[in-house]
Amino acid sequence: MRIRCNHGEGWTYPVPGEQRCRSCGTVRFTAYGAVRPPGLPGALTPKPRDARKADRAAAAWIANAPRRGTWWGLGSVA
């Protein structure tokens with residue numbers, strides 16, 4: 001079944017992290033809460049400066065790939 005609604009009447013907020021369309025009832029989730037079993041270590045995220053540094057290093061590596069003579073390992077295929 002396909003619902004043709006542009007959600008123009010707005011959204012209600014019945015519970016934190018969830019929104020519902022006032023006209024068609026479509027639910028969208030606004031907060032991601034992954035279910036993790038107890039005892040697992042917390043997820044680590046890099047500092048923004050470290051993430052930017054890694055992105056720049058990857059971009060430089062890709063930009064210099066033609067100078068290395070191989071492109072994604074295709075030059076070493078026997």
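Read the figures in this text as sums done on the coordinates, not as results from a lab. From a predicted model like this one, the values you see are computed outputs, not experimental measurements. Virtual Cβ from ideal backbone geometry, glycine too; neighbours counted across all protein chains shown.
Considering only the other residues whose Cβ falls under 13 Å of the Cβ of residue 27, what net charge follows from Lys and Arg at +1 and Asp and Glu at -1?
On the way: positive: 20, 22, 28; negative: 18.
Value of the local net charge: +2.
Packing-wise, with mean Cβ within 10 Å as the measure, how do 55-64, 15-24 rank, highest first? Don't jump to the answer; show the numbers that get you there.
Working: 55-64: 9.9, 15-24: 12.9.
In decreasing order of mean packing, 55-64, 15-24 become 15-24, 55-64.
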